[in-house]
2 protein chains.
Amino acid sequence: MDKLTIHDLILTPLKRISHAKGDIYHAIKKSDAGYAGFGEAYFSSVIAGEIKGWKKHTQMTLNLVVPVGAIRFVVYDPRDESPSKNRFDSVVLSAQNYARLTVPPGLFVGFQGVGTELNLLLNLASIEHDPMEAENLPLDQLDFNWSPNA
Amino acid sequence: MDKLTIHDLILTPLKRISHAKGDIYHAIKKSDAGYAGFGEAYFSSVIAGEIKGWKKHTQMTLNLVVPVGAIRFVVYDPRDESPSKNRFDSVVLSAQNYARLTVPPGLFVGFQGVGTELNLLLNLASIEHDPMEAENLPLDQLDFNWSPNA
């Protein structure tokens with residue numbers, strides 16, 4: 001499991017339970033560390049090699065799980081008061097690294113399709129979608145090398 | 001969209017939003033009809049042709065979405081006081097029939113893998129998993145013909 005360095009960014013290993021008729025995969029329970037209330041659950045997919053980002057939420061906590069494919073998440077910490085200001089963390093979530101990434105408000109997130117077929121994330125968001133609480137930044141405005149060979 | 005006959009069973013069409021880098025699919029918002037509180041979110045998969053069921057929850061409301069593949073859900077109403085007592089409803093959820101099935105407590109549910117590859121459901125459950133609040137019944141104890149040609 002990858003080691004994250006950004007303050008308040010949480011990576012939680014999750015269980016996949018084998019079943020002869022089809023496996024069961026945990027995502028998030030109300031009693032889990034990182035749960036920050038329920039506002040909305042939605043899926044987002046990202047085509048192989050494509051990158052969505054950067055986006056910073058001012059209110060929403062994201063809880064991200066990848067049930068299908070593989071997605072690289074990159075998080076940047078712009079918070080003046082943070083001990084990890086200006087740090088980047090990068091983690092690939094997939095069946096092989098099945099875990100939940102909890103992203104508190106105030107951090108920039110981008111993500112890239114890594115698997116060659118469907119790459120699907122579930123975001124269990126702490127509030128409902130509200131474009132007014134999110135800030136978008138063009139990809140080239142933060143200096144991160146997304147190349148797979150970087 | 002299929003027509004359901006069981007009292008309190010809700011089928012809600014959902015949006016899939018096209019995006020050049022990968023689509024976004026709605027699942028459930030706190031303000032949606034059928035939302036009954038958040039306890040746990042988990043995925044379950046079901047192999048083509050296999051059937052999981054029957055299970056009746058006494059406390060949990062299920063909110064079921066199928067982001068990948070196709071799954072047939074069959075619901076049976078055993079409730080003495082219900083206007084739809086002894087009815088069965090059957091609905092296939094998939095990308096082609098992208099919708100949320102809300103199952104209140106007190107109904108038996110079974111589901112079958114219909115797609116030939118991965119068939120995946122998300123259950124946004126109103127309470128955390130608790131084996132004491134669920135009742136299992138062997139498949140042959142309810143008279144439903146699961147054959148695809150039925």
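Values in this text are rule-based calculations from the coordinates and carry no lab data. Here the structure is a predicted model, which means the values were calculated and not measured. Note: ideal-geometry Cβ built from the backbone for every residue, glycine included; neighbour counts use all protein chains shown.
What length, rounded to one decimal in nm, is gained on full extension from A:His7 through to A:Glu50, with 0.36 nm per residue of separation minus their alpha-carbon distance? Gain on extension, A:His7 to A:Glu50, equals 12.8 nm. Restricting the calculation to alpha carbons of region B:39-139 gives Rg and Dmax of 13.1, 40 angstrom. When the P(r) of the protein assembly as shown is calculated, the portion above 28 Å amounts to 39% of the C-alpha pairs. Going from the fewest other Cβ atoms within 10 Å to the most, the residues B:Arg100, B:Arg72 appear in the order B:Arg72, B:Arg100. Using a simple spin-label model with pseudo-atoms 7 Å out from Cα toward Cβ, A:Asn136 and B:Gln59 lie 4.3 nm apart.
Residues A:Lys52, B:Lys85, B:Lys3, arranged from fewest to most other Cβ atoms within 10 angstrom of their Cβ, appear as B:Lys3, B:Lys85, A:Lys52.
For chain B, the share of DSSP beta bridges that are antiparallel, to the nearest 5, is 95%. Applied to region A:27-44, the Karplus parametrisation 6.51 cos²θ - 1.76 cosθ + 1.60 on θ = phi - 60° returns per-residue 3J(HN,Hα) values of 10, 7, 10, 4, 8, 6, 4, x, 5, 10, x, 10, x, 6, 10, 8, 9, 9 Hz, with x for Gly and Pro.
Using θ = phi - 60° in the Karplus curve 6.51 cos²θ - 1.76 cosθ + 1.60, the 3J(HN,Hα) couplings for region B:78-85 round to x, 6, 4, 8, 8, x, 10, 3 Hz; x is entered for Gly and Pro. Result for chain A in a Gaussian network model with C-alpha springs under 10 Å: among A:Ser18, A:Ser94, A:Ser82, the largest mean-square fluctuation is at A:Ser18. For region B:1-84, the dipole from Cβ point charges (+1 on Lys and Arg, -1 on Asp and Glu) about the Cα centre works out to 320 debye, to the nearest 20. Distances from B:Ala48 to itself in the other copies, using label points 7 Å out along the Cα-Cβ axis, amount to 2.1 nm in increasing order. Distance from the A-onto-B rotation axis is smallest for the Cβ of the chain A residue given, in whole Å, as A:Phe38, 2. Using the Cβ-Cβ distance between B:Lys29 and B:Asn97 with R0 = 22 Å, the FRET efficiency computed as 1/(1 + (r/R0)^6) comes to roughly 0.65.
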